[in-house]
Amino acid sequence: MTRKAAYIIFIVMVFLFTGCIKDTYDMNKLSGKVHLSPSLAFRAISGDITLSDMVKPTDTLIYDQYNLVKLVFRQDSVVDLAISDFWDIDGFPALKGNKKGFGQLVATIDPETMNFEIEDIMSNISGVYAIINPSIRLYYSNSFPFTVKLKLDAIGSSTDKIPVSLDRDTFALSFTNAQDQPIIKDTILIHKDNSSLPDLISMPPEEITFSGSAIMDTANIFGLDENYMTTNGHILGDIEIEIPLEFSMNMQFTDTIDNFFADAFDPDDDFNWDDFESFEMVFNVENGFPMGISLSMVLYDSINTPHNLGTVDAEHLLDPAPVDGEGKVATDVFASSSTSIVFTHEFFNSIESADQVILIFTLNTTDNEVVKIYSDYRIKFNAALILKSDINVNLK
């Protein structure tokens, strides 16, 4: 079950979008095929895609009947209690024929940790973000004929952050007292109105540790058949965390990667970048997502100073689409933006000196308010290349 991309699904389209540009437009195809005039434009790519075209549902990522996008994480056997956890198994048979019972018996729920494996991602994120409506469902079965009250604790933890507790009150489990119903199954729902779950999920946590206790009340056993009192009682509970993509954010995602420009702009290639005054990529976007994205790319020399050798910016790569009062973008409503990313002659001259590129994505929801993400949201775009210079290319 994949969990690494649980909290950043909202930036997947950015990487696919930019990756599509790089894969679709092969710079080497220009070599030997054209004579470039002082200013020449090339239509590079265009597209009209939805989120469901880019990201397919999985066990972790689902689209509900209304196309709302949700993340789902499951952990089995978080609660696993037998009678031996409440009472010495050798002493328990004495309960037969004892209509007064033994009062309250207490068992401990051993810690169980759910790891989301997002440490690397979270180390690159800063800013503010809030998950609005997460929920936890405890699916359990109970074969004890007594009242059992469960105290389920959950602690979310993340590097350099104060742990956050679920803060959920004790709740009673359904139980059976009839021989023709030896086991009962039910569900406990934990949500924003009965816990601190939104605060816990909005950390977001790198891991959640579940633990707790159970109190069995054996005082009222009048009317139970003695033959029904066995040592086979069992409580088994599985956890499902559901996170609808309903959130607000104003944050920055920063990542440092190897200098990919070094291969794209090879000075030994017949297509000589030194002959250009500038190289410009123009993006025209109709964005149906309620998220805005800006991008900066920094050529970086990790060894020598100055470290920063050049920067290109796309301040409004995507502008966020407007939303209604429910945080949803209406069908066929888009935000239009036109952005140019300009690579100058000075930038080209610095490519060989840089060993890394720093990518800085700034992301924000519409008016920094709560929005919802649906699988049928779409984005329409086209991109063009503009080369400015007087250049002759040797034909092969």
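The values are calculated or read from the model by the stated rules, or taken from the named source; none is laboratory data. Keep in mind it's a predicted model, so treat the numbers as computed, not measured. As a convention, Cβ positions derive from the backbone with ideal geometry for all residues, glycine included, and neighbour counts pool all protein chains shown.
Spot the failing condition for GLN181; the list is (1) part of a strand (DSSP E or B); (2) surrounded by fewer than 16 Cβ atoms within 10 Å (Cβ to Cβ), and only one is missed.
(1)
What is the number of the single condition among (1) closer than 18 Å to GLN75 by Cβ; (2) in a strand (DSSP E or B) that ARG168 does not meet?
The one condition ARG168 does not meet is (2).
Is at least one residue of segment 270-288 outside any strand (DSSP E or B), closer than 30 Å to LEU166 by Cα and at pLDDT below 90?
There is no residue in segment 270-288 that is outside any strand (DSSP E or B), closer than 30 Å to LEU166 by Cα and at pLDDT below 90.
Condition check ((1) assigned by TED's automatic domain parsing to the domain that holds VAL371; (2) more than 27 Å from LEU68 (Cβ to Cβ); (3) buried (at least 20 other Cβ atoms within 10 Å of the Cβ)) across all residues:
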site	(1), (2), (3)
GLU286	yes, no, no
SER294	yes, no, no
SER302	yes, yes, no
LEU317	yes, no, yes
VAL342	yes, yes, no
ALA354	yes, yes, yes
LEU359	yes, yes, no
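What is the number of the single condition among (1) surrounded by 14 or more Cβ atoms within 10 Å (Cβ to Cβ); (2) over 29 Å from TRP87 (Cβ atoms) that THR159 does not meet?
(1)
Considering segment 239-269 alone, what residues qualify as being more than 25 Å from THR339 (Cα to Cα) and at pLDDT below 80?
Hits for segment 239-269 are ASP266, PRO267, ASP268, ASP269.
Kindly indicate whether any position in segment 28-42 is modelled with pLDDT of 90 or more and of a type in the set (Phe, Trp, Tyr).
No, segment 28-42 contains no residue that is modelled with pLDDT of 90 or more and of a type in the set (Phe, Trp, Tyr).
Name the single residue that is nearest to the chain's Cα centre (by Cα) among those in segment 130-156 being over 30 Å from GLN104 (Cα atoms) and surrounded by fewer than 21 Cβ atoms within 10 Å (Cβ to Cβ).
Result: ALA130.
Please work out which residue is modelled with the highest pLDDT, limiting yourself to segment 316-340 and to residues that are within 24 Å of the chain's Cα centre (by Cα) and under 30 Å from ILE351 (Cα atoms).
By that ranking, first place goes to ASP319.
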